[in-house]
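The block underneath contains the structure these notes are about, expressed in structure tokens.
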Amino acid sequence: MLRLFVISCLVGVLALPAAARTRPHYGGTLHVETEGDPWQRPGGLARRLVLNGLTTMGPDGSARPALAVEWKSENDDHRWQFRIRPGVHFQNGTALNSSNVVASLVAICGAGCPWSAVHAVGSTVVFTSESPLPNLPELLAGDVYLIGIPSDSPQGIVGTGPFQSATGLTAEGTLRLTANDNCWQGRPFLDSIEFHVQRSIREQWLNLTAGRADLVEVPAEQLRQAHDQRLNIVTSPPVTLLALTLSDTGALSNPNLRASIAFAVDRSALSNVIFQRQGEITASFLPAELTGYAFLFSADRDLNKAHELRGGVTPPTLLLGSEGGSAMQLAAQRIALNLHDAGFNVQVATAGTPQHIDITLRRFILESNRPQPGLESIFRAADLAIPVLDQTPAGLYKVERGVLDAHMVIPLLYVPRAYAVGGRVRDLLLSPDGVPELAGVSLEDAP
């Protein structure tokens, strides 16, 4: 997996003109265009530039020091101590300390945190938990737990990252960040980054071709088209899991009906028709490259088994919703046809549908390319409070099998994340979860 990741990133770097592979230049403004909100998590590009976590994820998927310089576990991973990096300041001048770290974490998740309690003790932050938390350092590297304090800045929050908010989101859909000259990591090469939001993919690509944008999105289902247009593309390994989440109330409280739905979905058609064969079909929570056992979970459609499990029961009409853009809506419509073939009546929800959703097509981001923390990240995003304590393949398989047999979440496809890059951008790499690391980018034509 790591080898594939490195190759994907190097393709984007080495594809740049020879002139671009010179010493980085300071200065200039990077123009980024997106369909969604760059501040929204998970994967918000702007959020990661303004805020840091106690840890960060290294290329190998292991936690590395960020706002914490070191950590240790005690009592069989029931207690953790993280020592705060000295001399760090928030962008408004406030000194970083263990107390404001604790306040930030409490504000983020309150009583819903994966730990039982968090306390400031001198220069350390102490986490305690009734259950073991062997992957807490990796957990704290995620978007959810980035550290910030309230302020009168445009975003209402300041962090310790390499960029700071210069403006809120304007009426024209622009969000501007400027370099943090006093960042503990050092000043970034760029003077500023402008995010232009709510831009269609077509508009993004036109602006990139015309030189009005430097970085734009390439949805997985349009990767082939982007290659045909000879765009310079940086692609991650398959890190986005498309899966169905099912309600356990009403008709779907019947586990046999949930199992019937799992057998009725045609993953091959979704992959071939909607997502243009980008990524991989899966019935596992983790990509095959990470575990070696994904083939043990059958991804084949079996309509006979689906009918058998339904047992002649025709449940009330089920409402199927989807998260994301047009491709996800098309995928939801195809899934509805699959379920109709198995004897279900399914209606695809439209935007703003106020009714109870029975089935939702969702995207989950694999936050680590190590199996144990990666599986935990998927479970957390799916609101499954299931610890992953055994990191052996047999242990991981046992946990996955138990969750999959409940058919509350049905994995379908793993697809990559991809971006197209302008000719003046250099040194762009992707993080393990496929997000561009813009803090290290420079521009060839910077003054």
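Remarks
- If you filter region 328-348 down to residues that are small (G, A, S) and open to solvent by 10 Å² or more (accessible area, probe 1.4 Å), you find that the one that is nearest to the chain's Cα centre (by Cα) is A336.
- One residue from V313, V265 being among the β-branched types (V, I, T), more than 30 Å from R426 (Cβ to Cβ) and open to solvent by 30 Å² or more (accessible area, probe 1.4 Å): V313
- Considering (1) under 25 Å from A251 (Cβ atoms); (2) without any contact (Cβ under 8 Å) to a residue 40 or more places away in the chain, the lone condition that S326 does not fulfil carries the number (1).
- Listed conditions (1) closer than 22 Å to L190 by Cβ; (2) open to solvent by less than 10 Å² (accessible area, probe 1.4 Å); (3) aromatic (F, W, Y) are all met by Y414, apart from (1).
- Residue within region 359-370 that is open to solvent by 30 Å² or more (accessible area, probe 1.4 Å) and over 20 Å from the mean Cα position of the chain (by Cα) present: no
- Hits in region 38-62 (condition: open to solvent by 10 Å² or more (accessible area, probe 1.4 Å) and over 16 Å from I157 (Cα atoms)): P42, G43, T56, M57, P59, D60, S62
- Region 81-117, residues that are open to solvent by less than 20 Å² (accessible area, probe 1.4 Å) and assigned to a strand (DSSP E or B): F82, I84
- Members of region 371-390 found to be open to solvent by 20 Å² or more (accessible area, probe 1.4 Å) and farther than 30 Å from Q333 by Cβ, listed by number: P371, E376, A385, I386, P387, L389, D390
- Answer from S442, S431 - the residue that is open to solvent by less than 40 Å² (accessible area, probe 1.4 Å), within 30 Å of R230 (Cβ to Cβ) and modelled with pLDDT under 95: S431
- Within region 180-234, restricting attention to residues that are more than 24 Å from the chain's Cα centre (by Cα), polar (S, T, N, Q) and open to solvent by 30 Å² or more (accessible area, probe 1.4 Å), the residue that is farthest from P86 (Cα to Cα) is Q229.
- Scanning region 391-411 for residues that are closer than 30 Å to E221 by Cβ, open to solvent by less than 20 Å² (accessible area, probe 1.4 Å) and not hydrophobic (A, V, I, L, M, F, W, C) returns E400, P411.
- In region 281-295, the residues that are open to solvent by 40 Å² or more (accessible area, probe 1.4 Å) and not aliphatic (A, V, I, L, M): E289, G292, F295
- Selected residue (criterion: least open to solvent (accessible area, probe 1.4 Å)) from residues of region 118-138 that are out of contact with any Phe, Trp or Tyr (no Cβ under 9 Å at 6 or more places or on another chain), outside any loop (DSSP other than H, G, I, E, B) and more than 18 Å from R64 (Cβ to Cβ): A120
- Every pair of residues 6+ apart whose Cβ atoms lie under 6 Å, when the first sits in region 380-397 and is more than 14 Å from R370 (Cα to Cα) while the second is assigned to a helix (DSSP H, G or I) and not acidic (D, E): I386/F379
- The single condition among (1) surrounded by fewer than 22 Cβ atoms within 10 Å (Cβ to Cβ); (2) in contact with a Ser or Thr (Cβ under 7 Å, 6 or more places away or on another chain) that A306 does not meet is (1).
- Test: L257 is in a helix (DSSP H, G or I), farther than 18 Å from G434 by Cα and touching a residue at least 12 places away in the same chain (Cβ under 8 Å): yes
The values are calculated or read from the model by the stated rules, or taken from the named source; none is laboratory data. All figures in this text were calculated on a predicted structure; none of them were measured in a lab. With ideal geometry, Cβ positions are generated from the backbone for all residues, glycine too; neighbour counts draw on all protein chains shown. These accessible areas exclude ligands, DNA and RNA; they are computed on the full protein's heavy atoms, side chains included. Shrake-Rupley method; radii C 1.70, N 1.55, O 1.52, S 1.80 Å.
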